[in-house]
Amino acid sequence: MKKNIGEDKKRSASKTEQTPYTYSFWSIFTNTFGTTIKVLIAAVLLVGVIMGGLGLGLVIGWIETAEAIPEEDLEITTGLTTFIYDNEGNVVTKLTGSDNMNRETVEYKDIPMILEHAIVAIEDERFYEHKGFDLIRILSSVYSLVANRGEIEQGGSTLTQQVYKNYTDRFEQTFERKFQELYNSILLEMKYDKSTIVTKYCNIVNMGNGSYGFKSASELYFGKDLLDLNLAEAAFLAGIPNAPTTYNPYTEKGYENTLTRMKNILDKMYELGFINKEDHDTFRTYQVEIQPRDTTLQTYNPTSYFIEQVIDDVIQKLMEIDNSTEFYAEQKLYNNGLHIYTTLDPDVQQAMDEIYMDSSYFPTLTATGEIMNKDAYKYGELPQSSMVIIDQSNGQVVAMYGGNGEKTSNRTLNRATSIERQPGSSFKPIAVYGPALELELITAATVFDDVPSYLDPKNPEEIYPRNYDKTFIGLVSLRDAVKSSINVVAAKVWSEYLGRDNAVSFLEKVGIFRSDIIFDDSTVSTATGGLSRGVSPYEMANAFATFANQGVYIDAYTFTEIRNYRDDVIYKAQPEFDTVYRSQTAYIMTDILKEITSPMNSHYPHSGTAYGRISIQDGAMPVAGKTGTTSDHLDKWFVGYTPYYTAAVWYGYDNRIMPIELVIGERRKNEETGSYYYDGEYNQAQYIWNAVMGKVHENLTAKDFEKPTTGLVEREICIYSGKYPTDLCLLDPRDNWGYGTDATRMELFIEGTEPSYFDQCDVHQEATVCVASTDPYGRFLLATDDCPQDYTMTIIGLVRPEPYIPYMPDPEAAPKPYDPDDWVYPILVEDMPYEIMVGEYCTVHGMPPVEEETVIVEIDPETGLPVVTPVPSETPLP
């Protein structure tokens, strides 16, 4: 029985650094190992005599040419497993490099005594006594060699010798290699104490299934740290390095082989006095349980879209830190045992995963079986989508998904970060409205005339832009224009107020750095999301998060820290903050964007473009956002935020397959909200956004967006003039539509931009009209002194700042080929019926005499408009 083993180990573990590793063969004869070397040479001579050809000179030549292991090569710095963690510190992925080497290093203090004893018992029972080689084992091997007529079948390698050949990767069965191994093992023992030799052995050996070193093997097979192993598990692991394929725990035969070897090791440990009989008997019958394969290993499980983006981002950062090439940075990431701490929130990501792996959110048929996109269906192409969620308070990306359904392979297209798609109207807040509000060029109350306009200088005779439904509202405030996603208003703000340079400046400040995405100065397509190059959901979420973060931009990031295998911090994220908008501007923009999910109300008879589809916690959690759909319906977006998170969703097809005929689907009622929706793919981005964010916010307390305590004022306005209302604004003719509209509301302003109390509404005016005289569109003309009193009435109507005259094409012009997207002339505007025809007077009275006709004038209860009914002469008047 080995005496004082614990004492010897404790003493050797505290051994200080020794003489540098530089010795000649002859110097060894003169030191304390001279006797051992002489015995070695004698054994060599014995072998030489037996073999009939080997001599001392040849052996000495081999030893003299042996290369000692350089100091730096004895430290494992490559082939190490890189670990990637979520924001809670859980390992989500292990990167094992091109060689699939899953290796973690361990320090001696973390190697349990039971494991060390198990290794020594089976691999090198006289380890604590010899000086690098075991003469008894060598003589045993020599005997085996002679008995087998020169065939080397039995090894005599000590742990020290195994350390040498594993670090040098020399396993050839030759006398030269064997003598050089013996020589270097002596040098290693002179350089290092026993604890260091054990540690190096534990870190270098092949443990099977791509695992190297006992630490990674313990995690792989048992899912636990070395210090948590019991005696049976320690002996089980100690038996694997001898033949990792034979002793493979993941095969039935391999498991049985390893279990048998474990019992032999326990027998040997008892024989050597390392364990007592009770422990021996208890653990010899212990049934070791192996855990399933580690799904965090990239070898067995494709990396997620999020982790692949982390890998790309870390490679870029390593290139920056080391001033290296991409190849070198990638090799360092996969092979140098880094520890990457990411911003991934596992709960948020799980919510997103559940929706994106639910095929019902990627329909190809309507509920009635109608094909949504006939071309895509014909070619077998499925709809795709991607999403990014950012915590706007710190800029951390907490979740992302890059495609339809389960991810089944590595390095596939990540549509969350790598696509360039047209954003449609979702681009308006960051390219037009936000910048114009910040520069105080407009306010939320600024009124525009949404009428057919000609804003494309390259095609001055064509109506541009079109609104998505080819209708025009007329006079409308900025707030309501955003709510209805009116393209004309965005184009007018761009061309008449903001300009390209201001837009580019603000886009760059919120992370849209590629100014080449914008066309030249002469076009306004950027205002409505028509870009020369597209954007990704990552960029859109990053930009919108600025509004959510009170105007402060933080460049989004996916990881917070990189540590090396020694646990030294080599990079720590320190995000930079840039104030793009004043908090007052950001709050007003947020308040406007909340209208997107709002119903029609007493101030504006139109619902927001996402109403009925976006509702978190039954409307208790506020949402600000913007829909976006390209004119060809190829790309659908929703970008929005709550007080907690900002998220962007894109929905479309990879190959940009445009529907030949847009299938909106069937009108259906949402029984929960009472609202109506269409089951086609037109609004699918909104449905996905709402489903994911609904799950994410399930257990979050509802709260409102933080409002600045200073710098904001509220002022009552007329919504059709943007000015201080008069009494006439309370009598807007559209009150009879049934929506209770009085044309006034309270509006938010950056202090100093609110209208003066003296700047009163001049849109609502009172006029006397003749009901016998109308223009071609049914609007009454102003009465003259010649109009009989029975034919006049006083109305309250609208006076446009600039008259709109509906365009009629020249009837003599050659007809154009039929185009279903062409206009139906004349193009009318929604508020035309309520317009006072300033300067246009009755053309009936005061003209040459005509036969007079008695009429009855009544107000239509549905339209609120006067209705003139001729009365036959024999019918008494009421």
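The values are calculated or read from the model by the stated rules, or taken from the named source; none is laboratory data. Note that the structure is predicted; figures quoted are calculated from it, not measured. All Cβ positions, glycine included, derive from the backbone under ideal geometry; neighbour counts span all protein chains shown. Keep in mind that these areas ignore ligands, DNA and RNA; they rest on the heavy atoms of the full protein, side chains included. Shrake-Rupley method; radii C 1.70, N 1.55, O 1.52, S 1.80 Å.
Here are the numbers for the structure shown:
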{"read-out": "Test result for I290, more than 26 Å from N203 (Cα to Cα) and either at pLDDT 90 or above or small (G, A, S) (or both)", "value": "no"}
{"read-out": "Qualifying residue in the stretch 102-115 (condition: at pLDDT below 90, in a loop (DSSP other than H, G, I, E, B), open to solvent by 40 Å² or more (accessible area, probe 1.4 Å) and closer than 30 Å to T560 by Cα)", "value": "yes"}
{"read-out": "Where a residue in the stretch 313-330 is closer than 13 Å to Y557 by Cβ and open to solvent by less than 50 Å² (accessible area, probe 1.4 Å) and its partner, wherever it lies, is modelled with pLDDT under 95 and part of a helix (DSSP H, G or I), with Cβ under 9 Å and at least six apart", "value": "V314/A329; V314/L333; K317/A329"}
{"read-out": "Residue tally, condition buried (at least 21 other Cβ atoms within 10 Å of the Cβ), modelled with pLDDT under 90 and of a type in the set (S, T, N, Q), over the stretch 331-347", "value": "1"}
{"read-out": "Filter pass, Y377 being of a type outside the set (A, V, I, L, M) and surrounded by 23 or more Cβ atoms within 10 Å (Cβ to Cβ)", "value": "no"}
{"read-out": "Qualifying residue in the stretch 443-451 (condition: charged (D, E, K, R), touching a Leu at 6+ places or on another chain (Cβ under 7 Å) and touching a residue at least 24 places away in the same chain (Cβ under 8 Å))", "value": "yes"}
{"read-out": "Residue in the stretch 678-697 that is modelled with pLDDT under 95, out of contact with any His (no Cβ under 7 Å at 6 or more places or on another chain) and in a strand (DSSP E or B) present", "value": "yes"}
{"read-out": "Failed condition for T364, given (1) farther than 30 Å from K215 by Cβ; (2) in contact (Cβ under 8 Å) with a residue 24 or more places away in the chain; (3) open to solvent by less than 60 Å² (accessible area, probe 1.4 Å)", "value": "(2)"}
{"read-out": "Qualifying residue in the stretch 708-717 (condition: over 23 Å from V489 (Cβ atoms), more than 47 Å from the chain's Cα centre (by Cα), open to solvent by 30 Å² or more (accessible area, probe 1.4 Å) and at pLDDT 95 or above)", "value": "no"}
{"read-out": "Matching residues, the stretch 245-280, being within 53 Å of the chain's Cα centre (by Cα), surrounded by fewer than 18 Cβ atoms within 10 Å (Cβ to Cβ) and among the hydroxyl-bearing types (S, T, Y)", "value": "T245, T246, Y250, T251, Y255, T260"}
{"read-out": "Failed condition for L231, given (1) buried (at least 23 other Cβ atoms within 10 Å of the Cβ); (2) closer than 26 Å to V91 by Cβ; (3) in contact (Cβ under 8 Å) with a residue 60 or more places away in the chain", "value": "(2)"}
{"read-out": "Per-region count, the stretch 536-578, residues outside any loop (DSSP other than H, G, I, E, B), under 24 Å from I512 (Cβ atoms) and touching a helix residue (DSSP H, G or I) at 6+ places or on another chain (Cβ under 9 Å)", "value": "13"}
{"read-out": "Conditions (1) exposed (fewer than 14 other Cβ atoms within 10 Å of the Cβ); (2) within 22 Å of the chain's Cα centre (by Cα); (3) assigned to a loop (DSSP other than H, G, I, E, B); (4) without any contact (Cβ under 8 Å) to a residue 60 or more places away in the chain: number failed by N404", "value": "(1)"}
{"read-out": "D632 vs. criteria at pLDDT below 95, open to solvent by 30 Å² or more (accessible area, probe 1.4 Å) and not in a strand (DSSP E or B)", "value": "yes"}
{"read-out": "Scope the stretch 532-552; condition buried (at least 22 other Cβ atoms within 10 Å of the Cβ) and of a type outside the set (S, T, N, Q); matching residues", "value": "V535, P537, Y538, E539, M540, A541, A543, F544, A545, F547, A548, G551"}
{"read-out": "Number of positions in the stretch 407-425 that are open to solvent by less than 40 Å² (accessible area, probe 1.4 Å) and assigned to a loop (DSSP other than H, G, I, E, B)", "value": "7"}
{"read-out": "Neighbours by Cβ (under 6 Å, 6+ apart or cross-chain): first from the stretch 774-802, open to solvent by 90 Å² or more (accessible area, probe 1.4 Å); second assigned to a loop (DSSP other than H, G, I, E, B) and of a type outside the set (K, R)", "value": "D786/H845; D786/G846"}
{"read-out": "Within the stretch 611-629, tally of residues that are outside any loop (DSSP other than H, G, I, E, B), in contact with a Phe, Trp or Tyr (Cβ under 9 Å, 6 or more places away or on another chain) and open to solvent by less than 30 Å² (accessible area, probe 1.4 Å)", "value": "6"}
{"read-out": "Selection from the stretch 426-482 of residues that are part of a strand (DSSP E or B) and within 20 Å of I805 (Cβ to Cβ)", "value": "V447, F448, D449, D450, Y454, Y464, G474, L475, V476"}
{"read-out": "Any chance K703 is within 30 Å of M621 (Cβ to Cβ), in contact with an Asp or Glu (Cβ under 8 Å, 6 or more places away or on another chain) and charged (D, E, K, R)", "value": "no"}
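Yes or no, residue by residue, for (1) among the aliphatic types (A, V, I, L, M); (2) part of a strand (DSSP E or B):
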| position | (1), (2) |
| --- | --- |
| F749 | no, yes |
| F758 | no, no |
| C770 | no, yes |
| Y777 | no, no |
| L781 | yes, yes |
| D790 | no, no |
| M793 | yes, yes |
| Y807 | no, no |
